[in-house]
1. Going through 118, 128, 135 one at a time, which residue ends up being at pLDDT 90 or above and not in a helix (DSSP H, G or I)?
2. Among the residues of segment 44-84, how many are surrounded by 14 or more Cβ atoms within 10 Å (Cβ to Cβ) and over 19 Å from residue 128 (Cβ atoms)?
3. Of the numbered conditions (1) modelled with pLDDT of 85 or more; (2) in a loop (DSSP other than H, G, I, E, B); (3) surrounded by fewer than 14 Cβ atoms within 10 Å (Cβ to Cβ), residue 140 fails exactly one; give the number of that condition.
């Protein structure tokens, strides 16, 4: 598909298409979670022993998986009218820049760190990237603009006042 040009309009998705894509997205990420957990548990049972660290981190990843998946199911929840027609298709899980994109990234990060931890326990540290990313987003999207918005509004007013004062002084001298 060619990228849209200035003269063409980007097509919008219909409700039925959103529902179908949400179902396929949910099944893809459910299968990803099952594959990661299945690989991890199979290899751990056959080749390694479970320690307190691995049990704790496996429980943490299970909580992350369940929370992320249930949140995506909640977002994609459809509503039908009494006649059986689709009245609300839910949130598009494949929308660019949406929160579902970050949830999907968290599932990918968690499953990758869980499978990679089979080679070394240091790969569990990849899970720390999630709160780092969350803090960075909080800083760049909320805190920094809020802090800088006050100084930008006050600064032009001060320069405008100074400019008027200078004009009055120059007018008095002439």
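1. So the residue among 118, 128, 135 that is at pLDDT 90 or above and not in a helix (DSSP H, G or I) is 118.
2. The total comes to 8.
3. That leaves (2) as the condition not met.
The values are calculated or read from the model by the stated rules, or taken from the named source; none is laboratory data. Keep in mind that what you see is a predicted model, and the values were worked out from it rather than measured. Note that each Cβ is placed from the backbone with ideal geometry, even for glycine, and that neighbours are counted across all protein chains shown.
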